[in-house]
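Input: a single structure, listed below in structure tokens.
The values are calculated or read from the model by the stated rules, or taken from the named source; none is laboratory data. Source: prediction; values computed, not measured. In this analysis, Cβ positions are derived from the backbone assuming ideal geometry, glycine residues included, and neighbour counts consider all displayed protein chains. Surface areas here come from the heavy atoms of the whole protein model, side chains and all, with no ligands, DNA or RNA. Shrake-Rupley method; radii C 1.70, N 1.55, O 1.52, S 1.80 Å.
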Amino acid sequence: ARRCLRCCQRVFSWIPVLIITSVALWSYYAYVFELCLFTLTNTFEKVAYLLVFHVCFVMFSWTYWRSIFTPAASPCKKFQLSYSDKQRYEMEERPDAQKQILVEIAKKLPIFTRAQSGAIRFCDRCQVLKPDRCHHCSVCETCVLKMDHHCPWVNNCVGFSNYKFFLLFLSYSMLYCVFIAATVFQYFLKFWVGDLPNGPAKFHVLFLMFVALMFFVSLMFLFGYHCWLVAKNRSTLEAFSAPVFVSGPDRNGFNVGIRRNLQQVFGENRRLWFIPVFTSQGNGHYFPLKNRSSESHNPLLANEDMWEESDDGSEEGSLGESF
């Protein structure tokens, strides 16, 4: 019964994606056929509209595809308990002693955040020590690196591996809506006042205008909120609950300046910022802190590049290729 219920949940989880896909396909038909091919009479205007529209539609579709089908990145094996540590942890019945075991293991890893109680963050389901900014997603049933939120509209967790794609999806969705609204507006007015004859095109053009404006308004607020999060270097989860460090909670603990904050998400090569290819910095397991002095106690991070190089051949390399 539980397996059947889980299967049904997976099927129903695709309904929001199918809704967005259906609206996008209908908008393509309404704009290309009903407006451009059947309503427009000026050839130059028709060609110009079709060229720009297809560029917007391709970028919208590409970023949406990457947001949906880019797997959520999970912690690497270095954060999993070894067999001996796992046995020692499970055999120990005293909570304080269990916490101490996790503290000893965490000394070998670049972990600086803590649970609200001050203990090392540990996922009992995944049996891993959580890297900074990593959270367990109950929908995906896995720990997700730099988890932002689980988005039903992409049926995926938005996190380290696809946060750039999600932001680009929002921006290209807005551009798509703005272009449609701007070019449809004059024909919307002509159909509305009766300057153009009634027919199938009238319904599509009128409805296209309303849908484009409705989606634009909703996307504008969501995109603006995420722009603010990127500028502050916070995830949605961190905006609601500040990350806790050894020194206590700090909402700006990962804020290293707007330029470096942007580079963490989009990379250093600005020519690739607006293309949905993976360019985010690092491997999702470690993020520079605002107060670098708090890192000095950990010899593994005396040189930040040492951690990056140690994972280069396995984790970071695979991330760059997989996404």
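Mean-square fluctuation check for the chain, GNM, Cα pairs under 10 Å: which of Gly253, Gly267, Gly199 is largest?
Ranking Gly253, Gly267, Gly199 by mean-square fluctuation puts Gly199 first.
Hey, can you grab everything whose amide H is under 5 Å from the amide H of Asn255? Only 5+ residues off in sequence or another chain; H modelled, so Pro and N-termini drop out.
Lys290
With the chain treated as a Gaussian network of Cα nodes joined by springs under 10 Å, which of Asp85, Asp250, Asp132 yields the largest mean-square fluctuation?
Among Asp85, Asp250, Asp132, the largest GNM mean-square fluctuation belongs to Asp85.
Based only on the alpha carbon positions, what is the Kirkwood hydrodynamic radius of the range 121-180, in angstrom?
Taking the inverse mean of 1/r over all distinct Cα pairs, the range 121-180 comes out at 12.7 Å.
Modelling each spin label as a point 7 Å along the Cα-to-Cβ direction, I'd like the Glu45/Glu268 distance in nm, to one decimal.
Simple spin-label model gives 4.9 nm for this pair.
Roughly speaking, to the nearest percent, how much of the range 1-127's 1.4 Å accessible area is carbon and sulfur?
It is 63 percent, rounded to a whole number.
Using 16 Å as the cut-off for backbone N distance, which residues of the range 167-187 belong to the label zone defined by a point 7 Å from the Cα of Ile275 along Cα→Cβ?
Correct set: 168.
Pull out the extension gain between Leu189 and Lys232, defined as 0.36 nm times the separation in residues minus the alpha carbon to alpha carbon distance; nm, one decimal.
Here the answer is 11.3 nm.
Probe of 1.4 angstrom, ligands and nucleic acids ignored: what's the accessible area per residue over the range 221-269, in square angstrom?
50 Å²
As I understand it, the value is the acute angle between the Cα axis of helix 95-106 and the longest principal axis of the Cα atoms of the chain; what does it come to in degrees, rounded to 10?
Taking the Cα atoms of the chain, the angle to 95-106 is about 70 degrees.
Magnitude of the Cβ-charge dipole of the range 180-268, K/R +1 and D/E -1, about the Cα centre, nearest 20 debye?
Once rounded to the nearest 20, the dipole reads 80 debye.
Take the Cα pairs of the range 1-155, get the Kirkwood Rh, then feed it into Stokes-Einstein at 25 °C and 0.890 mPa s and tell me D in µm²/s.
124 µm²/s
Mind listing the phi-derived Karplus ³J(HN,Hα) values for the range 29-42, rounded to whole Hz, using 6.51, -1.76 and 1.60 with θ = phi - 60°, and x for any glycine or proline?
Computed from phi, the couplings for the range 29-42 are 4, 4, 6, 5, 8, 5, 8, 5, 7, 9, 10, 5, 10, 7 Hz.
By how many nm would the segment from Leu196 to Ala97 lengthen if fully extended, with 0.36 nm per residue of separation less the alpha-carbon distance?
Here the segment from Leu196 to Ala97 would lengthen by 27.8 nm.
Amide H of Asn156 versus every other amide H placed in the peptide plane: which residues, excluding those fewer than 5 positions away on the same chain, fall under 5 Å?
Long-range HN contacts for Asn156: Cys151.
Residue by residue, what Karplus-based ³J(HN,Hα) values in Hz, rounded to whole numbers, does the range 189-197 have, using 6.51, -1.76 and 1.60 with θ = phi - 60° and x for Gly and Pro?
In residue order, the calculated couplings are 5, 5, 5, 5, 8, x, 6, 10, x Hz.
Set the Förster distance to 25 Å, then compute FRET efficiency between Phe221 and Lys77 from the Cβ-Cβ distance, nearest 0.05.
That pair, Phe221 with Lys77, gives E of 0.05.
Counting Lys and Arg as +1 and Asp and Glu as -1, what is the net charge of the other residues whose Cβ lies under 14 Å from the Cβ of His226?
+2
Express the relative contact order of the chain as a whole percentage, based on alpha carbon pairs under 8 Å and six or more residues apart in sequence.
About 20 percent, as a whole number.
Just to confirm, what accessible area per residue do you get for the range 2-128 at 1.4 Å probe, in whole Å²?
Ligands and nucleic acids excluded, the figure is 62 Å² per residue.
Specify the residue with the greatest mean-square fluctuation among Val193, Val230, Val277, computed from a Gaussian network of the chain linking alpha-carbon atoms under 10 Å apart.
Val193
Do any of Lys86/Lys164; Lys78/Lys232; Lys146/Lys290; Lys108/Lys232; Lys86/Lys290; Lys108/Lys290 go past 26 Å between their Cα atoms, and which?
Table pairs above 26 Å Cα-Cα are Lys86/Lys164; Lys78/Lys232; Lys108/Lys232; Lys86/Lys290.
Amide H to amide H, which residues 5 or more places from Ile111 or on other chains are under 5 Å from it, using H placed in the peptide plane?
Correct list: empty.
Evaluate the charge dipole of the range 1-75 about its Cα centre and quote only its size in Debye, nearest 20, assuming +1 on the Cβ of each Lys and Arg and -1 on the Cβ of each Asp and Glu.
That gives a dipole near 640 debye.
Rounded to the nearest 0.05, what FRET efficiency do Cys8 and Leu213 give with R0 = 35 Å and r taken as the Cβ-Cβ distance? Could you check?
Once rounded, the FRET efficiency stands at 0.50.
Any idea what the dipole of the chain comes to, in debye rounded to 20, about its Cα centre with Lys/Arg Cβ at +1 and Asp/Glu Cβ at -1?
Around 540 debye, computed over the chain.
Per residue, what volume in Å³ does the convex hull of the Cα atoms of the range 125-267 enclose?
128 Å³
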